[in-house]
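Some notes on the structure that comes next.
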Amino acid sequence: MRSKLVVGNWKMHGTRESCSSLILALKQGLDGVPEGVEIGIAPPSVYLPLAAKLCADTRIQTGAQNASQFEQGAYTGEVACGMLADLGADFVIVGHSERRALFGESDAVVAEKFAAVQAASLQPILCVGETLEQRKEGITADVVMAQLAAVLERVGVAAFENAVIAYEPVWAIGTGEKASPEQAQEVHALLRSDLAKQDKEIAAAIQILYGGSVKESNSAELIAQPDIDGGLVGGASLEAEQFLAICTNADN
Ligand code: PGA
């Protein structure tokens, strides 16, 4: 049985003070979240040491929203996976649609980043998802399977034993327009069956999260779907009460 996982993607928000108070509020409400639900937060990476320290004695995992595909060297402005591990990160989100669309990350770069995250003994959360145009064209399945295939080709299916996938339809991110539970389930099932072609056990065990306008009010019905194992939450993860309620709703 797969456990449920809810990860907060704080994006480029907050200050040292607001990050601390958000974490303190999460810690205060943590007892109300059923034990079986795994929880992660991805603050801006400069606040990762602070977050890792504040979360050290809790079950909240901490991670980064992005990392360099390179191990070290003359890459001005980049942060290596090994550095994130050194700061206490547990996981790294790779291939978020904002990285793909705004910073030109190709499938090949995303695959390199996935490999780099694992090489640093961190867990990758691989994001895939189609744009509105692609959905309208009826090529959602092709798009998400191609995004997954690029990583599978680079690292092999065994690497997915210690990875998480997040399906995030681009048209649902930050728009308030979420995929219906049925729409999301369809893509989740597709991703799982695609992986199963290469390894049934890994496909059955991997957590596939849904992301895109997840809120307290819609999380339960989304996460109740058989192939949806939790959520990758943006906006709603910046409010402790909302995020804790989503975590609690994940236990179904
Ligand atoms: P959202 O973001 O919940 O604000 O739509 C989700 C994400 O980008 O991971």
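In a reduced charge model with +1 at each Lys and Arg Cβ and -1 at each Asp and Glu Cβ, segment 69-176 shows a dipole moment near 120 debye about its Cα centre.
The residue list Ala64, Cys19, Ala80 was ranked by how far each Cα lies along the charge dipole of segment 1-86 toward its positive end, using unit charges on Cβ atoms, and Cys19 comes out on top. In this structure, the pairs whose alpha-carbon distance is over 23 Å, taken from Lys53/Lys113; Lys11/Lys53; Lys4/Lys27, are Lys53/Lys113. Less than 5 angstrom separates the built amide H of Ile228 from none of the residues sequence-distant by 5 or more or on a different chain. The residues of segment 1-86 expose, per residue, 55 Å² of accessible area to a 1.4 Å probe.
Based on the mean of other Cβ atoms within 10 Å per residue, sort peptides 80-91, 208-219 so the most packed one is first.
On the way: 80-91: 19.6, 208-219: 23.7.
The most tightly packed comes first, giving 208-219, 80-91.
Solvent exposure of Val117, expressed as accessible area, is near 0 Å², computed with a probe of 1.4 Å over the protein chains only.
Using Cβ point charges alone (K and R +1, D and E -1), the dipole size of segment 106-252 about the Cα centre works out to roughly 200 debye.
Dipole size of segment 9-120 about its Cα centre, with +1 on Lys/Arg Cβ and -1 on Asp/Glu Cβ: approximately 240 debye, rounded to the nearest 20.
State the percentage of accessible surface on segment 81-224 attributable to carbon and sulfur atoms; use a 1.4 Å probe and exclude ligands, DNA and RNA.
Working: 3110 of 5980 Å².
The nonpolar share, carbon plus sulfur, comes to 52 percent.
Under the rule of -39500 (n - 2.57) per DSSP H run of 4 or more residues, summed and divided by the residues of the chain, what mean residue ellipticity at 222 nm is obtained, to the nearest 500 deg cm²/dmol? Before the final figure, lay out each step's value.
Working: 11 runs with 109 residues, N = 252.
It comes out at -12500 deg cm²/dmol, rounded to the nearest 500.
The values are calculated or read from the model by the stated rules, or taken from the named source; none is laboratory data. Since we're looking at a predicted model, the values are computed, not measured. All Cβ positions, glycine included, derive from the backbone under ideal geometry; neighbour counts span all protein chains shown. Accessible surface is based on the protein model in full, side chains and every heavy atom, while ligands, DNA and RNA are left aside. Shrake-Rupley method; radii C 1.70, N 1.55, O 1.52, S 1.80 Å.
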